[in-house]
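Some notes on the structure that comes next.
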Amino acid sequence: MFSTEKATIILADDQPANLKLLERMLKQQGYDVRSFPRGRLALAAADHCPPDLILLDINMPEMNGFEVCERLKSNPKLAPIPVIFLSALNETEDKVKAFRAGGVDYVTKPFQFEEVQSRVETHLKLHQLQRALQQQNERLEDLVRSRTRELAEAHARLKILDRAKSDFLHLISHELRTPLNGLLGVGQLLLEESGSSPEAEELRGLFEDSSRRILAIVENALLLTQIEVEGEQFAWEHVLLATVVDCAMGHAVEFARARRVNLEAEAAPTVSILGTEDLLVKAVQALLEMAIRFSEAGETVRLACHPLANATQITIQSNGPRIPDPLLVKFFDLFSIGEASSPVGDIGLGPPLAYRILSLFGGAVTIVNQNPSGMLITVSLRCAPTAL
């Protein structure tokens, strides 16, 4: 609660009796009262030490109450001070003129002190509330400026850290590829000299699969970092859906053949989608290979396209093991790649990479189990606007 005790009030009235009466009564209420017989003197006193409220007569020599009030309101330091007019003038025109000059209230003489006291207390409380609100707004503005500055500094630091992370991963990727290529090349030469026995064929298959996975992890990890750090720099283009589907199918066919899984795709509609061709191909390829990984030998992974309003859906369907529920809910989470609960082992970086690529271009991907077996992957892609 606000207290009006010790509030400072200036009285301006050219009638000494009125001044003495009001001064005595207001002081009895605990107010600090300063009285002046001229408006000019009251104005100078207010400028020297601004009060909390001013009681102002209208008919005064040298400068009337309207002029005093207008002078007060023209001074930014004094403008917030509430002014209550006390006057024997009771015409509506006088009251309107008083309010236009900047007064907040008008009491007609002769007055009852209880009425004056009530209005004084009301306007003092309102003035205190306004002042407290202004101070609170100033504190909030200072806080917002401070937080904005801190956020800007934090953002700048994060950009530096992201750039450092990106540069570091580029370096690691480059440094890893050189020795990896050497190791893989030597391993390939050794396996070629191991003959054509069933055991050698099995070793070659394991080696090729492991080699492909190692190189894919390095490449996918680098691309994930680029998307996280430089996502806004990837251009949005008009890409033919059929091109994305055909390229993804072509890249995944060798992986399907190695696992003895068939691939089928319906003809894609002639529509353009938004994104970058190579990234969209990589996303669809990663999802195809995931469906292949969850398929039994001899089964078929089917891809189909479904035009929608302002979008296109790609569905990828496989028949094979169901995904355990604990893994299903975080299938596209980057930190689920090592889940041992997957029936096909480590699911790799393919799903989170596909999810982030599609999200980058305003798309989405979901995965559900089918009954009695298999999975259904649904990809949503934004269609490019048609030129008028």
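Results, tabulated for the structure shown:
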| read-out | value |
| --- | --- |
| Per-peptide average of other Cβ atoms within 10 Å, ordering 273-284, 38-49 highest first | 273-284, 38-49 |
| Whole-Hz ³J(HN,Hα) from phi, Karplus 6.51 cos²θ - 1.76 cosθ + 1.60, for segment 25-40, glycine and proline x | 5, 6, 5, 5, 8, x, 8, 8, 10, 10, 10, 9, x, 10, x, 4 |
| For segment 317-328, 3J(HN,Hα) per residue [Karplus equation, 6.51 cos²θ - 1.76 cosθ + 1.60, θ = phi - 60°, Hz, x = Gly/Pro] | 10, 9, 10, x, x, 7, 8, x, 3, x, 7, 4 |
| Dipole magnitude of the chain about its Cα centre (Cβ charges: Lys, Arg +1; Asp, Glu -1), debye to nearest 20 | 1460 debye |
| Simple spin-label estimate for ASP246 and LEU308 in nanometres, 7 Å along Cα-Cβ | 2.6 nm |
| Amide H contacts of VAL33 (H built 1.01 Å from N, under 5 Å, at least 5 apart or other chain) | ILE9 |
| Mean Cβ count within 10 Å, highest first, over the residues of peptides 286-297, 194-205, 319-330 | 286-297, 319-330, 194-205 |
| Theoretical gain in end-to-end length, GLU114 to ARG131 [0.36 nm per residue, Cα-Cα removed] | 3.6 nm |
| Evaluated over segment 8-111, the Cα radius of gyration and Dmax, each in Å | 12.4, 34 |
| Helix 350-360 vs. the chain, principal-axis angle (Cα, 0 to 90°, nearest 10) | 40 degrees |
| Net length gained if the chain between THR122 and SER194 were fully extended (0.36 nm per residue, minus Cα distance) | 15.8 nm |
| Under-5 Å amide H pairs with ILE347, H placed in peptide plane, nonlocal only | GLU339 |
| GLU296 versus LEU158: modelled label distance in nm, points set 7 Å from Cα along the beta carbon direction | 4.8 nm |
| HN-Hα J in Hz across segment 111-123 - Karplus 6.51, -1.76, 1.60, θ = phi - 60°, x for Gly and Pro | 10, 8, 4, 4, 5, 4, 4, 4, 6, 4, 4, 4, 6 |
| Spherically averaged projected area in nm², based on the convex hull that wraps the Cα atoms of segment 178-311 | 10.4 nm² |
| The chain, Rg to Rh (Cα coordinates; Rh as Kirkwood inverse mean 1/r) | 1.43 |
| Computed Kirkwood radius, in angstrom, where 1/r is averaged over Cα pairs of segment 234-382 | 15.3 Å |
| Contact order normalised by residue count of the chain, Cα under 8 Å, 6+ apart, percent | 10 percent |
| Order by protection proxy (mean Cβ within 10 Å, highest first), peptides 65-74, 133-142, 360-369 | 65-74, 360-369, 133-142 |
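Laboratory data are not the source of any read-out in this text; all were calculated from the coordinates shown. Everything quoted here is computed from the prediction, not taken from an experiment. Positions of Cβ are generated from backbone atoms using ideal geometry, with glycine treated the same way; all protein chains shown enter the neighbour counts.
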